[in-house]
1. What residue, of 219, 173, is closer than 18 Å to residue 80 by Cβ, part of a helix (DSSP H, G or I) and touching a strand residue (DSSP E or B) at 6+ places or on another chain (Cβ under 7 Å)?
2. Is region 323-336 home to any residue that is buried (at least 16 other Cβ atoms within 10 Å of the Cβ) and in a loop (DSSP other than H, G, I, E, B)?
3. Restricting to region 90-125, what's the tally of residues that are among the polar types (S, T, N, Q), under 14 Å from residue 153 (Cβ atoms) and open to solvent by less than 10 Å² (accessible area, probe 1.4 Å)?
4. When you check residue 69 against the structure, is it of a type outside the set (Ser, Thr, Tyr), touching a Leu at 6+ places or on another chain (Cβ under 8 Å) and over 24 Å from residue 245 (Cα atoms), yes or no?
5. Which one is surrounded by the most Cβ atoms within 10 Å (Cβ to Cβ) among residues in region 276-322 that are farther than 30 Å from residue 421 by Cα and of a type in the set (Val, Ile, Thr)?
6. So which residues in region 149-181 are open to solvent by less than 10 Å² (accessible area, probe 1.4 Å), over 16 Å from residue 193 (Cβ atoms) and touching a residue at least 60 places away in the same chain (Cβ under 8 Å), if there are any at all?
7. Would you confirm whether or not region 293-302 contains a residue that is over 19 Å from the mean Cα position of the chain (by Cα) and either part of a loop (DSSP other than H, G, I, E, B) or closer than 30 Å to residue 151 by Cβ (or both)?
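The values are calculated or read from the model by the stated rules, or taken from the named source; none is laboratory data. Keep in mind that what you see is a predicted model, and the values were worked out from it rather than measured. When we count neighbours, we look across all protein chains shown, and the Cβ atoms used for this are built from the backbone with ideal geometry, even at glycine. SASA here: full protein model, heavy atoms, side chains in, ligands and nucleic acids out. Shrake-Rupley method; radii C 1.70, N 1.55, O 1.52, S 1.80 Å.
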Amino acid sequence: MSKLAAFGGTAAVPKDRRGVDWPLIEDEDRKAVLDALDGGRLVSNTEGVNPVATLEANWAQRFGFDHCVAVSTGTAALSLALAALGIGPGDEVIVPALSFIATGLAPVHQMAVPVFADVDPVTFNLDPDDVERRITPRTAAIIPVHLHGAPADMDRLLDIARRHGLAVIEDAAQAPGATYRGRPVGGIGDAGAFSLQVTKNIPTCGEGGLLVTGRAELAEAVRRARQFGEVIESGRDRDYVSHGLGWNHKMNAIQAAFTTAQLARFDGYERQRQRNVAEFLARLTALPGLRVPTALPDTTHVWHILRFRFERAGFGLSDDVRPVALRSALRRLLRAEGVPMSQYQLMPLPDQKVFVDRVGFGAGYPWTVTGESAPGADYPVARAIIADSLALQKRHLNPGSGELLGHYADAFEKVWANRDAVATLAAAAS
């Protein structure tokens with residue numbers, strides 16, 4: 001049994017092997033950016049073919065979407081989708097209690113109220129049963145999140161939406177390339193939002209987003225809204241007339257050109273990532289008290305984030321020991337071995353101060369419009385996931401990270417071989 005690094009032993013992950021880059025910036029990315037600069041078509045409303053339009057066409061073609069609109073961020077894509085669907089003051093939008101903050105903020109940006117629903121303990125995505133319980137006469141939309149790259153239960157959510165007349169906007173920020181029963185996520189509901197933020201599976205050189213939809217009129221509404229509400233048509237001079245409420249949510253040409261170059265390498269990267277992650281998780285599945293991330297049947301998980309849950313019984317711990325104590329002990333020991341485990345989310349979305357204080361736009365808007373009750377609903381599964389899990393981020397996205405993941409697996413196995421020490425630490429902290 002090897003001595004744990006936290007107690008003076010040699011770390012399982014050698015220090016000279018821990019550095020790994022993401023995104024990978026290659027010569028073709030640099031050339032694409034320079035070509036965009038030299039081409040002079042630096043904004044999306046430039047006449048003729050420009051890098052933004054090229055990215056839209058290539059993304060739609062690669063993943064099989066009818067329409068794609070490039071915008072400034074994934075958050076903007078969500079907000080613009082809500083706006084284009086007419087969702088605003090007086091409406092409620094059901095979102096998962098476990099997600100990045102943008103999912104909950106997007107409805108507020110439209111003066112709609114986010115209503116939080118609990119999540120599934122395996123996929124970490126919206127629990128359809130809890131969604132149905134939270135529908136009211138004010139509910140206008142559902143935003144399923146394909147969290148960490150795992151598709152949500154779209155069949156059941158779409159069935160609920162149809163029966164209640166609700167729009168469905170997919171938050172696919174972490175899930176480009178994921179599929180649900182053979183269909184690409186983002187293209188299953190009324191609209192889908194992707195993020196191109198630099199940490200994502202398909203990145204840009206900073207911030208960016210894409211909205212996809214099968215509805216031409218919805219895509220056109222988003223194009224107007226991203227450009228101050230103006231109608232931009234090829235061959236017609238810009239008239240600077242705003243035909244409705246709009247924003248400046250355009251993507252620039254450099255961001256688009258960079259992502260287009262990254263998209264061209266995505267398939268090769270993804271094949272290698274799938275192999276690397278599968279081999280890594282296969283080594284961990286037999287460890288007692290460890291629940292590894294899982295791809296459900298008829299889905300493709302793209303492993304944007306790897307979240308692991310820990311069970312006290314696997315360490316011989318009673319229910320008197322808090323899950324947080326076990327999580328903290330494992331985080332300390334794994335990080336000492338060179339595995340950069342993190343919490344990722346510190347609290348469920350409804351506990352975020354912006355939703356607890358409900359200042360919003362002032363005077364409690366938008367919550368005052370709906371009369372929605374004060375905070376208090378519980379989300380036991382989301383709370384349990386946060387209490388008993390840790391995540392791996394970004395490093396495994398590099399297609400050359402197979403060797404590093406092998407070292408990570410060594411570290412897990414070493415820590416699990418010292419389960420008595422883990423249990424002692426957890427019990428002392430509880």
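1. Exactly one residue qualifies, and that residue is 219.
2. No, region 323-336 contains no residue that is buried (at least 16 other Cβ atoms within 10 Å of the Cβ) and in a loop (DSSP other than H, G, I, E, B).
3. Total meeting the criteria: 1.
4. For residue 69, the condition - of a type outside the set (Ser, Thr, Tyr), touching a Leu at 6+ places or on another chain (Cβ under 8 Å) and over 24 Å from residue 245 (Cα atoms) - is not met.
5. That would be 302.
6. Hit for region 149-181 is 150, nothing else.
7. yes
Rundown of residues vs (1) outside any loop (DSSP other than H, G, I, E, B); (2) at pLDDT 95 or above, yes/no style:
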{"site": "9", "(1), (2)": "no, yes"}
{"site": "19", "(1), (2)": "no, no"}
{"site": "30", "(1), (2)": "yes, yes"}
{"site": "56", "(1), (2)": "yes, yes"}
{"site": "60", "(1), (2)": "yes, yes"}
{"site": "68", "(1), (2)": "yes, yes"}
